[in-house]
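Asker: Can you keep this structure in mind? I'll have questions shortly.
Laboratory data are not the source of any read-out in this text; all were calculated from the coordinates shown. Quick caveat: nothing in here was measured; it's all calculated off a predicted structure. Every residue, glycine as well, gets a Cβ built from its backbone with ideal geometry; the counts of neighbours run over all protein chains shown.
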Amino acid sequence: MSRSTISSLESQLSTATHELELATFLNKGILQTNTEYKLRIAELESENIILRKAESRLAGTEDALEDAEKRIKVLEEERDVWEEELETAKENMESAKRDKDAAIRERDHERNQRELWEERFWELRGSLEGLVERANYQTAPLTAYCDVFTSATADTRSCKEEKMAGGIGERGGRCLCTQGWEAESHG
């Protein structure tokens with residue numbers, strides 16, 4: 001073989017070796033990059049799994065929040081109804097209290113009136129008993145009952161007879177035993 005051929009072959013071999021080294025270097029770089037990409041992909045997949053779990057929890061939390069908001073709305077409506085019922089109950093209680101106070105005032109007024117009438121009754125009874133005692137004392141020697149002159153019949157009867165007949169006061173009779181008092185005021 002000739003020298004030029006050997007030189008040419010050495011040159012080709014050198015070029016091929018150089019290309020092979022370059023290809024090996026590039027292949028190592030590509031393999032390292034692929035390894036880095038695989039690691040990064042694994043990290044991203046792990047993060048993706050974490051994000052999916054977080055999204056799932058977030059969806060559950062959003063559902064729970066929505067349910068809680070619905071429950072809050074229902075509770076607020078119930079609270080509004082209770083507040084209205086409470087206001088109505090307060091108004092009814094105030095009305096009942098006013099009615100009770102009015103009834104107490106009326107009862108006290110009636111009690112006072114009854115006590116007043118009872119006092120008047122006992123005073124009048126005492127006065128009448130005193131008058132009857134004086135009248136009985138003054139007329140005791142005469143008769144128990146007096147004669148009554150009636151203007152309608154112009155006859156004379158006793159107070160007892162006139163009273164039994166219902167005539168005292170109706171026919172304008174006058175009691176003659178009690179110093180001319182009107183018959184209806186005679187006992």
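Asker: Find how much the distance from residue 45 to residue 104 grows on full extension, using 0.36 nm per residue of separation minus their present alpha carbon separation; answer in nm with one decimal.
Answerer: Extra length from residue 45 to residue 104 when fully extended: 12.8 nm.
Asker: Over 26 Å, how big is the tail of the calculated P(r) for segment 3-124, in percent of all Cα pairs?
Answerer: Result: 74 percent of Cα pairs exceed 26 Å.
Asker: How many nm separate the modelled label positions at residue 59 and residue 21, each set 7 Å beyond the Cα in the direction of the Cβ?
Answerer: Spacing of the two 7 Å Cα→Cβ label points: 5.8 nm.
Asker: Cβ under 14 Å from residue 95's Cβ, residue 95 left aside: what net charge do those residues give with Lys, Arg +1 and Asp, Glu -1?
Answerer: Result for the local shell: -1.
Asker: Using the Cα centre of segment 34-141 as the reference point, and only Cβ charges (+1 on K/R, -1 on D/E), how large is the resulting charge dipole? Debye, rounded to the nearest 20. Please list the in-between numbers first.
Answerer: Values: 20 positive and 31 negative charges, 94 e Å.
It comes to approximately 460 debye.
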